[in-house]
Amino acid sequence: LTERLGEGSFYWRIRGRNAATGADEYSEVRKIGILRDMPTGLLYPAHNEVISYSVKTPIINFRWRENRVATDYTVEISRSPAFSAIERSLPATLLDISVDGLGAGTYYWRVRSNNSGIVSYKGVSAVSSFKIEHVAALTAPVLIAPPDGRRLSSSMTGKAGKVLFSWSADSQVDR
């Protein structure tokens, strides 16, 4: 017997009729839970994100959304969008993992959801890509204001006493 069930908790048992007595007899009651299987959503690195470094290859932090059916995950990283060759296959029990040692180039990643209680279950996320880019050494910032040796009066800083500092920075630097 098969039955289509929605998400939720269900109890089931079997009823049979005793041929000798005509009385109904019941099995033990069992409970099952049905979860909606949502694919794992990839969070970081964002799709087509460029991660730059100048000296040492970066540590890349991978993050994804939980799959409620999964008991653990496998993060797969490849240089091929078809994953014909997998560079890294990393087991994870949490929703993130940090990876180092990936050189410059374009990478593709996905997360496989596993369930230790259901050997045949294999959920797979969508594929996302990111690029690791080697850049020349960062240039030092150039100070603009206030000029070197300049004396400021309190009337120039206003009532709050704030001084405006200004500089030009390398475009690879966020702050």
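Condition check ((1) open to solvent by less than 60 Å² (accessible area, probe 1.4 Å); (2) under 26 Å from G103 (Cα atoms); (3) at pLDDT 85 or above) across all residues:
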{"position": "R13", "(1), (2), (3)": "no, no, yes"}
{"position": "A23", "(1), (2), (3)": "yes, no, yes"}
{"position": "I34", "(1), (2), (3)": "yes, no, no"}
{"position": "P45", "(1), (2), (3)": "yes, yes, yes"}
{"position": "Y53", "(1), (2), (3)": "yes, yes, yes"}
{"position": "E66", "(1), (2), (3)": "no, no, yes"}
{"position": "T71", "(1), (2), (3)": "no, no, yes"}
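For the stretch 153-163, a residue qualifies if it is surrounded by 10 or more Cβ atoms within 10 Å (Cβ to Cβ) and either modelled with pLDDT of 70 or more or within 14 Å of S54 (Cα to Cα) (or both), and exactly one does: V163.
Quick test for you: out of S125, S98, S113, pick the one residue that is loosely packed, with under 12 Cβ neighbours inside 10 Å and polar (S, T, N, Q). First the steps, then the outcome.
Working: S125 fails: loosely packed, with under 12 Cβ neighbours inside 10 Å; S113 fails: loosely packed, with under 12 Cβ neighbours inside 10 Å.
None of the others qualify; the one that does is S98.
Condition check: over 28 Å from I118 (Cβ atoms) and either exposed (fewer than 12 other Cβ atoms within 10 Å of the Cβ) or among the small types (G, A, S) (or both). Does S27 satisfy that?
On the way: over 28 Å from I118 (Cβ atoms): no; either exposed (fewer than 12 other Cβ atoms within 10 Å of the Cβ) or among the small types (G, A, S) (or both): yes.
Criteria not met by S27.
Going through (1) open to solvent by 20 Å² or more (accessible area, probe 1.4 Å); (2) of a type in the set (A, V, I, L, M); (3) closer than 13 Å to S129 by Cα one by one, A85 falls short only on (3).
Annotation note: Cβ proximity below 8 Å between a residue of the stretch 106-119 that is within 9 Å of I77 (Cβ to Cβ) and free of Cβ contacts under 8 Å to residues at least 60 places away in the same chain and a residue that is open to solvent by less than 70 Å² (accessible area, probe 1.4 Å) and hydrophobic (A, V, I, L, M, F, W, C) (sequence gap 6+ or interchain) occurs for Y107/I77; Y107/F130; Y107/I132; Y108/I77; Y108/F83; Y108/V127.
Just give me the residues in the stretch 63-81 being assigned to a strand (DSSP E or B) and polar (S, T, N, Q), in sequence order. Scanning the stretch 63-81 gives T74, S78. The single condition among (1) closer than 30 Å to W167 by Cα; (2) surrounded by 14 or more Cβ atoms within 10 Å (Cβ to Cβ) that P147 does not satisfy is (2).
For S129, the requirement of being of a type in the set (S, T, Y) and under 16 Å from the mean Cα position of the chain (by Cα) is met. Looking at the stretch 55-64, which of its residues are open to solvent by less than 30 Å² (accessible area, probe 1.4 Å) and not aliphatic (A, V, I, L, M)? The answer is P58, F62, W64. I'd like the full set of residues that are closer than 12 Å to E87 by Cβ and open to solvent by 30 Å² or more (accessible area, probe 1.4 Å), limited to the stretch 101-110. Within the stretch 101-110, G101, T106, Y108 meet the criteria.
The values are calculated or read from the model by the stated rules, or taken from the named source; none is laboratory data. Just so it is clear, the model here is predicted, and its values are computed rather than measured. Ideal geometry is used to build each Cβ from the backbone, glycine not excepted, and the neighbour counts take in all protein chains shown. Side chains are part of the model used for accessible areas, which takes the heavy atoms of the whole protein and leaves out ligands, DNA and RNA. Shrake-Rupley method; radii C 1.70, N 1.55, O 1.52, S 1.80 Å.
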